[in-house]
Each structure stands twice: as structure tokens, then as C-alpha cells.
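Single-structure report; data block below.
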Amino acid sequence: MRILLYNPDNGVTRNFMPHLWMFLLQALTPAGHEVLLVDGNAQPMDEAGIAQFVREKKIGLVGIGAMTRMIAKAYRMADAVRAEGVPVVMGGPHVTEMADEALGRDGGPRHADAVALGEADATWPQIVNDAVRGELKEVYAPVDAFGQESKPSLKEYPVIPWQSIDLSQFNLVPKAARGTLQKIGEGWGTFRIVPVESGRGCPYGCEFCTVTGFFGDSIRFRTNESVVNELLLLKARARSEKGQMAVFFIDDNFAINVKRTKSLLRDIIAAGAQVHWVAQISANLLRDEELVDLIAASGGKWIFIGMESIDPANLKDVNKGFNKPGEYAAVLERLAARNVYAITSFIFGMDNDTTGVAERTLEQVRTWPPGLPIFGLLTPLPATPLYKRLEKAGRLTRPRHWQEFIPFAMAHTPLKMTIEEAHAEVNYGWAQAYSPEALAGAVDSLSDQPLGYRINIFIARLCFRGIYFPMMGKGAWVKVIAQNRRTIFKLVREGFKAGAWRGAPARIPAVPVPQVEAIEAIAPGVEMQG
Ligand code: B12
Ligand code: SF4
């Protein structure tokens, strides 16, 4: 049978990184089937397009995965596939919580023939076999021999054959530049950011987050060896195509068990498996100097930190009191001292937020080493404790907000400001943090660093700007480049200066780093994903 795995586009950004679930299910598919992958962010498709694809390629089963914000598109695509007489199975965090919606058992239209609940590592082979026999069940739940919910241990993790997977849709280097760039240094003909997981699960249960409910509160890790081998495969692939490969460790908190993370990073270094990587790590765990040393030595470049708010009352409200705003600056300085920078994520529209929250947050951000601030709105995702609380209190203004998804729009009223005021705060945050002046400031703040770092922060900011201000067409890029022409000319001029590209001096922390308490005494915590 030929199977299509499809992930809908998010409608805002392009193919920054493919989705891991597709590669994982592809690797877990029983032998004898061909699996094609289409990521809508890299290969845009509409309903007619997917129907034609399914017809022409003689697809026998379509698997669709989606987060809540893409679910409306996912349902439309599923409807188009089913109209062709091809069965659809859906999985991922949204349909796990809203299976009746996908199956049309809540009074609405049916979109899927079958739904895979939770982690599908074990159920996927069974789904494929049932589909071949034309005996798909409506619901597949991962259960053990006693009928209890079970989670894959990750100790036996499948080998994703990175050396041979067709990754052509996931090359971030523009086509026109590939030939020339292939010849530069080790080669830049391809640049891919690839998702790799080293563990799953999070015990912290932040009120707005799906992860604890979905993956459970016990953390499961792959073996170091399996992760290291995967990195080596990726490196070999990059070398063979004269390109570059960066990794996004998608664990919800890559350092949730500091001892284990240090041992993994040591093994990566020992095996020469370093690649440039990004990971999500909570601020409290970044107090550990040795961990931060190992992050830098193993190739860590950007750390995503779910700061969420600079107001402890807000953090307590959403069960994320382990975040300590008072230590954010020291943590960022500690990273920057090793030339590691942070993607700092904030949520506005929390219950203690009042107008001016964006400027108050930015006042702090401006004092920190340059990074990539991102701003979102508190969003009640289905089945989260936040959703239940707001529903009970009658505060949901759009209880089925995903059915008509609007980016950066609240679905409930905050307590101390209006919905419109919250939207204005997010707009202010993005507009200020990504203005040409702010970009120039970020570049200038690294003037003691080799040119590569300044170019890096500049390009990263231009790309991150696109999360809020869509940059889907060439026109949008031309406009942004024109607005930032002064910074671009400055960087180009510097490129011709002698020594501009040389050396990477360690930076001295600009503020004293407070004494680190014993790591055991630190309330562990995770971050991210507002
Ligand atoms: C990586 C990641 C991203 C990446 C993008 C996705 C990518 N290219 O990988 C980035 C960083 C860009 C991102 C952004 C956002 N993310 Co995100 N992200 C994740 C993260 C950390 C890992 C995803 C992953 O690969 N997991 C590992 C794989 C193996 O798990 P999985 O995808 O769930 O797949 C398994 C099952 O679900 C199932 N499955 C999945 N799909 C399918 C399909 C079929 C057919 C079948 C049978 C089974 C199946 O089988 C898989 C194997 O068991 C998750 C949290 C998490 N730990 O999953 C959040 C998560 C998915 N993100 C979330 C959110 C909310 C967001 C944002 C909206 C945050 C924000 N406020 O901006 C943005 C939106 C991005 C956008 N514009 O599209 C939520 C989604 C909740 C929900 N109900 O939708 C999650 C769960 C985190 C959370 N805090 O709740 N994200
Ligand atoms: S720490 Fe992160 S992954 Fe864990 S529950 Fe909180 S937001 Fe979710």
C-alpha cells in the first residue's frame, strides 16, 4: 500500500523545520509499504491539490497530524481525501483530546475514519495492517496487556534513516543560491533544521499546556547511544551533500534531568557528533555552570526559554511559579558568556496583566544580551486545566476557537484588560522588538564579537519577525530588507575589514552571576510553548 503522511501548513511561516511525527511513523511502518511525506509548510497544498495527489499517486491511506491551530485546515484536507474514497486516520494532540469532533460523534460532520489517541508509536503498525485489510477501527489507543494506557519507553527507539530520506522539501537555502553556496567552506548547498527527540514527558502541568496531559508526567529517555548515532547520521548526510545540518531537540525540557543531559552532551562531544543545536530548557536549570559549559561545547547555539511573564503573580496563576523573573538576566548572561543566546517566550493576556505589560516586559528585555523575544497570548487549548477553569467560570468567548482559527486572537477575556487591549500589547511587543532600530541595536550589542555572530542574530531576527508579521512572499522580504538597509550595508562593509571573521573570544558576563545553589535544591521545572 502507498501511504501519505500529511501535516497542514500553519498559514504563517514556511518550512523552518519539518515535523518529527512523520519521520517517526515512516520508520515504524511495517515493511512492504511505501510512505510519502508532505509538509504543507514546505509544499503548500489546498483541498483540490491533495485530492489530485491522492488520485495520481494511488494512495491507499492518508495519515494527518495537526496541532489545534492547524486543525480546521486538517479537517478540510481530510474531507477532500475522504471524498476520493481514501480512508483518513488522524493523530496528534488535538484529536487526542477531541476525538469525537474528528469522528463526527459530537453532532458535527465526520472528518476521519480513524483516530490514533496519544503516542502512536505502538498503534501505527496495527493501523496500517488494519487499513490493508479494510478493517480500520474508529479509535486506536495505546494500551498494555491489561488494557491500561501505556507509553512507549523510548529505550528501543527506531532508527530514522536520515541518510536516505528524501529531504528535498526541507532545504532552507534558496534554489538559485545552492550551486554557488555548495562551494563555500564545507559547503552550504543545503541547510536543514531537523527535529530530534531525546526524551518525552513533563511532570509540571503548567495550566495552559497540553504536554503533561498528553505525554504524561513521567519522563522517558532514549539511550545516549541512540541519540548520538542519530546525530552522526545527520552529520554524515550533511557532509555527503556539501551542506549544513542543525538539530532542534524538541524535548519539552532538554535538561529536565541535569545529570542525564550532561552525560548525553559528554557522549556527543566524545563521539565527535556535535552539530549546531537548539533546545528548550527552563531558566532554573540553567543555573548550572557545568551544564552551560557542556551546552556550548556540544554545539548548543540557541536555547528556547519559556519565561511567559516577568510578573511572579501571573506565573503562580498558571502553575509556573518555578520560573523566577529575578534570575532571568543572570541566566541569559551566563549563556551569552559562552556565545549561546536565547529565544525568550512571553505570554500576554494573563489574569494579572494590565495595559503596558508589553513595554514593561521590553524594558527588561532591552537590558539583556540580544536574543529572540517572542510574544503570544494566553490560549485555552482543549482539555488543559486552563480551558476547564475558564469554561467553568463562563469566561470563554470562543469556546471552539480552533474551528475558525485566527492567529494571535484571544478566546477568553483577561481579568484586568480587554481582549482588544491584550491584542494591542502583543502587537506592540512584536513591532518594537523587531523594528529596524531594535535589529540594529541587537547587531551593535555584539560589536565585540566576530562578524558571524552579528550576521547570525540579524538573520535570526529577520526570520523570527515572520512569526507575527507574515513573510510569505518575495515582496514582504524586499520591504523588510529595504527597511533594514543601513544595518545590512554596515554588515557588508565590515565583511571586507581585515580580521572581521576571525576568532570567538569568550565574553565576560556583564552582570555578576549569583552564587549557584546546589542543583538538588533547585525546584526543577520546565519551560515553554505559550
Ligand atoms: C517542536 C514543537 C514545535 C515547533 C514546530 C513544530 C515542528 N516543526 O516540529 C515550533 C517550535 C515551531 C512550535 C511552535 C508552536 N507550538 Co509546538 N511543539 C513542539 C513540541 C515541543 C514537539 C513536537 C514533537 O515533535 N513531538 C514529538 C512527537 C513524536 O510527538 P507528536 O508530534 O505528538 O507525535 C506523536 C503523536 O501525537 C502521534 N501523532 C502525531 N501526529 C500523528 C498523525 C497520525 C496520522 C498518527 C497516526 C499519529 C500521530 O504519533 C506521534 C508518535 O507517538 C510539542 C510538545 C511535544 N512534546 O510534543 C509542542 C506543541 C505541539 N506545540 C504546541 C503549541 C501550542 C505551539 C504554538 C501554537 C505555540 C505558540 N503559542 O506559538 C506554536 C505554533 C507553531 C505554528 N505556527 O505552527 C502545543 C500544541 C497543543 C495543541 N493542542 O495543539 C504542544 C503540544 C506544546 C504545548 N505546550 O502544549 N512547536
Ligand atoms: S514546563 Fe513546559 S512542557 Fe511542562 S507543563 Fe509547563 S509549559 Fe508544558
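The values are calculated or read from the model by the stated rules, or taken from the named source; none is laboratory data. As the structure is a prediction and not an experimental result, all values here were calculated from the model. Here the Cβ is made from the backbone with ideal geometry for all residues, glycine too, and neighbour counts use every protein chain on show. Ligands, DNA and RNA are excluded from the accessible area calculation, which covers all protein heavy atoms including side chains. Shrake-Rupley method; radii C 1.70, N 1.55, O 1.52, S 1.80 Å.
Tabulated values for the structure
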item: Hypothetical label at ARG360: residues of region 302-318 whose amide nitrogen lies under 15 Å (7 Å Cα-Cβ projection); result: 308-317
item: Sequence-distant residues sharing a close amide H with GLY300 (under 5 Å, placed H); result: TRP277
item: Cysteines, the chain, no other Cys beta-carbon under 4.7 Å; result: CYS202, CYS463
item: Residue-wise HN-Hα coupling along region 312-319, computed from phi with Karplus coefficients 6.51, -1.76, 1.60 (Hz; x: Gly, Pro); result: x, 5, 4, 5, 5, 4, 9, 6
item: Proximal lysines to LYS57, defined as alpha-carbon separation beneath 22 angstrom and excluding residues fewer than eight positions away on the same chain; result: LYS73
item: Reach of LYS490 by Cα under 19 Å, taken over aspartates and glutamates that are not fewer than 8 positions away in the same chain; result: GLU437, ASP444, ASP448
item: C-alpha long axis of helix 71-83 to longest principal axis of the chain, angle in °; result: 30 degrees
item: Angle in degrees between helix 485-495 and the longest Cα principal axis of the chain, rounded to the nearest 10; result: 70 degrees
item: Global form of the chain, assessed from the alpha-carbon gyration tensor, a/c cut-off 1.5; result: rounded
item: Solvent-accessible heavy-atom area per residue, rounded to whole Å², over the chain at 1.4 Å; result: 43 Å²
item: Charged-residue dipole, Cβ positions (Lys, Arg, Asp, Glu), the chain about Cα centre, Debye nearest 20; result: 1820 debye
item: The chain - percent of accessible surface contributed by carbon and sulfur, probe 1.4 Å; result: 57 percent
item: Greater than 28 Å apart at Cα, pairs in LYS235/LYS262; LYS316/LYS392; LYS316/LYS416; LYS388/LYS416; LYS58/LYS183; result: LYS58/LYS183
item: Folded to 0 to 90 degrees: helix 419-433 orientation relative to the chain principal axis, Cα; result: 50 degrees
